[in-house]
Amino acid sequence: MTDDDKIEPKMADETTPDVEPTAGVEIDKSADAKDAERSPRRNLRSVPVIPVVLVLALLAAGGLFAWLYFSQYRPDQTTDGAAAQSAVDAARNGTVAMLSYKPDTLDQDFAAAKSHLTGDFLNYYDTFTKQVVRPAARDKAVTTTAQVVGAAATELHPKSAVVLVFVNQVTTSKERPDPSAAASSVLVSLAKVQGTWLINKFDPV
């Protein structure tokens, strides 16, 4: 083997030419780098969207539920059948107390009646009984007994009510010892004061 026949190994870095980009084609490495930089940011922004929307939806639903409860459900509870019956009972009892008295027990009778009243009507009743009813009842020995024969709520709200009351009243006196009966109807307005229905208006109809 001659020296010419010897084949020296060629180093790749010396003999292999550099690969040049194809003519007209450029490799944009900067775009890939920018996409790689933007991707984590997009992910960071998009991840909280669902939890935030969910929280807002839950808060909105909670607010709607609270509004419905306080504006619809609770008022309905305070104006149901039991509340109506309570107002009617208060109107019945108050009417009987106001229109029933005897000359020997006037103080107790008027005090009992005033326990069913409130507001300006309470003041009016107190003045009227002192100036008009008491003198007449004592001088003429007037005794009157009232009986409610029917009652129904015509208006009912959480804090107020109006009840139509039908009354039979029997009266005797020194001048007319024979019982005298009279029938009447009254619109009794009530206000709820510290959980108790009290009469604040009394209008014969």
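The values are calculated or read from the model by the stated rules, or taken from the named source; none is laboratory data. In this text the structure is predicted, and so the values were computed from the model without any measurement. Cβ: placed from backbone, ideal geometry, glycine included. Neighbour counts: every protein chain shown.
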With the condition kept exactly as written, say whether any residue in segment 120-132 is at pLDDT 95 or above and in a loop (DSSP other than H, G, I, E, B). no
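Could you say which residue among V170, V193, V188, V162 is touching a Ser or Thr at 6+ places or on another chain (Cβ under 7 Å), closer than 21 Å to N123 by Cβ and without any contact (Cβ under 8 Å) to a residue 40 or more places away in the chain? Spell out how you get there, then give the answer.
Working: V170 fails: closer than 21 Å to N123 by Cβ; V193 fails: without any contact (Cβ under 8 Å) to a residue 40 or more places away in the chain; V188 fails: without any contact (Cβ under 8 Å) to a residue 40 or more places away in the chain.
After ruling out the rest, the residue left standing is V162.
For segment 150-171, does any single residue satisfy the condition of being among the basic types (K, R) and closer than 15 Å to S189 by Cβ? Outline the logic, then answer.
Here is the first cut: in segment 150-171, the residues among the basic types (K, R) are 159.
Filter once more, keeping what is closer than 15 Å to S189 by Cβ: 159.
Yes.
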K174 fails exactly one of the following numbered conditions: (1) loosely packed, with under 12 Cβ neighbours inside 10 Å; (2) assigned to a strand (DSSP E or B). What is the number of that condition? (2)
I'd like the residue in segment 76-130 that is without any contact (Cβ under 8 Å) to a residue 40 or more places away in the chain and of a type in the set (V, I, T) and, out of all such residues, is surrounded by the fewest Cβ atoms within 10 Å (Cβ to Cβ). T127
All but one of (1) within 22 Å of A83 (Cα to Cα); (2) at pLDDT below 95 hold for T196, so report the exception by its number. (2)
So which residues in segment 177-186 are part of a strand (DSSP E or B) and not aliphatic (A, V, I, L, M)? S180, S184, S185
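Would you check if there is a residue in segment 171-190 being of a type in the set (S, T, N, Q) and in contact with a helix residue (DSSP H, G or I) (Cβ under 8 Å, 6 or more places away or on another chain)? It would help to see each step written out before you state the result.
Looking only at segment 171-190, we keep the residues that are of a type in the set (S, T, N, Q), and these are 171-173, 180, 184-185, 189.
Narrowing the set further to residues that are in contact with a helix residue (DSSP H, G or I) (Cβ under 8 Å, 6 or more places away or on another chain) leaves 173.
Yes; the residues of segment 171-190 include at least one that is of a type in the set (S, T, N, Q) and in contact with a helix residue (DSSP H, G or I) (Cβ under 8 Å, 6 or more places away or on another chain).
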Looking only at segment 137-166, how many residues end up being surrounded by 13 or more Cβ atoms within 10 Å (Cβ to Cβ) and assigned to a helix (DSSP H, G or I)? 2
